[in-house]
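Q: Dropping a structure here in structure tokens format, bear with me for questions.
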Amino acid sequence: MTRKLTLPTCAAALVLAATHASAQNPTASGTMPPAEDMALARALLEQLIEIDTTDSERGDNTRAAQVLAEALIDAGFPPEDVQVLVPSDFPAKGNLVARLRGSDLEAKPILLLAHLDVVEALAEDWSPDIPPFEFLERDGYFYGRGTVDDKDECAIHTANLIRLHREGFVPDRDIVIALTADEETGTRNGVEFLLEEHRELIDAAFALNEGGGGAERDGRKVSNNVQAAEKVYLSFWFAAENQVGHTSLQVREKAI
């Protein structure tokens, strides 16, 4: 699994386009962030990749949520705006909800969703020199379980929130990130848990989830792609009538 990590992503770019800096914050923009912000995103991603968040006895989504929470609080976010929420019946299925306060207290927030959990990865199924839960960088690409789906977006959302806070950016409305458990598999889906028990923290005008992307050519951004829907399935039923037979004595034409 590989992914070039660039900031901002589709979701972050949309947030910056949908909100406006206040008069005292003219520097906030959607341009490429400085090297320190890129380094922060990389460091957060490395920490997340090396935490096993599979739906298994060794998986620990709560630890991953706590790592990002600590980064936000260290950056100056009030503890009441950074919460790790853990179901009482699944202590390893924690979720992170963090909020950047906006100027309009009446406007509903923008919600950015991403998931901290990953699909199971067995070392024997991977190349011997690429352990699934060890962060590697080669030729400008990152390797490890979750570099594409979806720890990269968790790191990016967190790094962007820290950057905006540091720059003093005040959006028109709150920006909330919810980084959740059990999106891939498992029985304690983080979004469902937050809706059931902490809805007030994530209630928003709209939400942006994973599923976008973009491309660049020679260092120039050429597209910012937005996925508007998810794939669905369609079932067909049909019946065929003809003579039957036994597999030991085939007939030329039969229903099967």
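Q: In what sequence, largest accessible area first, do Arg58, Arg99 appear using a 1.4 Å probe?
A: Arg58, Arg99
Q: Further question: Leaving out ligands, DNA and RNA, and with a 1.4 Å probe, what % of the accessible surface on segment 87-140 is carbon or sulfur?
A: C and S fraction of accessible area: 53 percent.
Q: Just tell me which lysines come within less than 25 Å, Cα to Cα, of Lys93; anything on the same chain fewer than 8 places away is out.
A: Hits, sequence-local ones excluded: Lys151.
Q: In 10 Å bins starting at zero, report the fraction of Cα pairs in the chain per bin as a rounded %.
A: 7, 28, 32, 17, 6, 6, 3, 1, 0
Q: Starting from the 7 Å offset along Cα-to-Cβ, what nm value, one decimal, do you get for the label separation of Ala207 and Ala43?
A: Those two pseudo-labels are separated by 3.1 nm.
Q: Also: Between Ser56 and Ser103, what is 0.36 nm times their sequence separation minus the Cα-Cα distance? Round to one decimal in nm. The partial results should precede the final answer.
A: On the way: separation 47, 0.36 × 47 = 16.92 nm, distance 4.21 nm.
That works out to 12.7 nm of additional length.
Q: So, one more: Please get the size of the charge dipole for segment 55-116, origin at its Cα centre, with Cβ charges of +1 on Lys and Arg and -1 on Asp and Glu, quoted in debye to the nearest 20.
A: For segment 55-116, the charge dipole is close to 100 debye.
Q: I've got another one for you. Please determine, in degrees from 0 to 90 and to the nearest 10, the orientation of helix 151-167 with respect to the longest principal axis defined by the Cα atoms of the chain, where the helix direction is its Cα long axis.
A: Its long axis makes an angle of about 10 degrees.
Q: I would also like to ask the following. To the nearest 0.05, how large is the calculated FRET efficiency for Leu136 and Arg166 if R₀ is 35 Å and r is the Cβ-Cβ distance?
A: 0.75
Q: What number does segment 63-161 give for Rg over Rh if you use C-alpha atoms and the Kirkwood radius?
A: 1.04
Q: Further question: Please find, in a Gaussian network model of the chain (springs between Cα atoms separated by less than 10 Å), the residue of Phe135, Phe206, Phe169 whose mean-square fluctuation is greatest.
A: Among Phe135, Phe206, Phe169, the largest mean-square fluctuation in the Gaussian network model of the chain belongs to Phe206.
The values are calculated or read from the model by the stated rules, or taken from the named source; none is laboratory data. Since the structure is predicted, the reported quantities are computational estimates derived from the model, not experimental observations. In this analysis, Cβ positions are derived from the backbone assuming ideal geometry, glycine residues included, and neighbour counts consider all displayed protein chains. These accessible areas exclude ligands, DNA and RNA; they are computed on the full protein's heavy atoms, side chains included. Shrake-Rupley method; radii C 1.70, N 1.55, O 1.52, S 1.80 Å.
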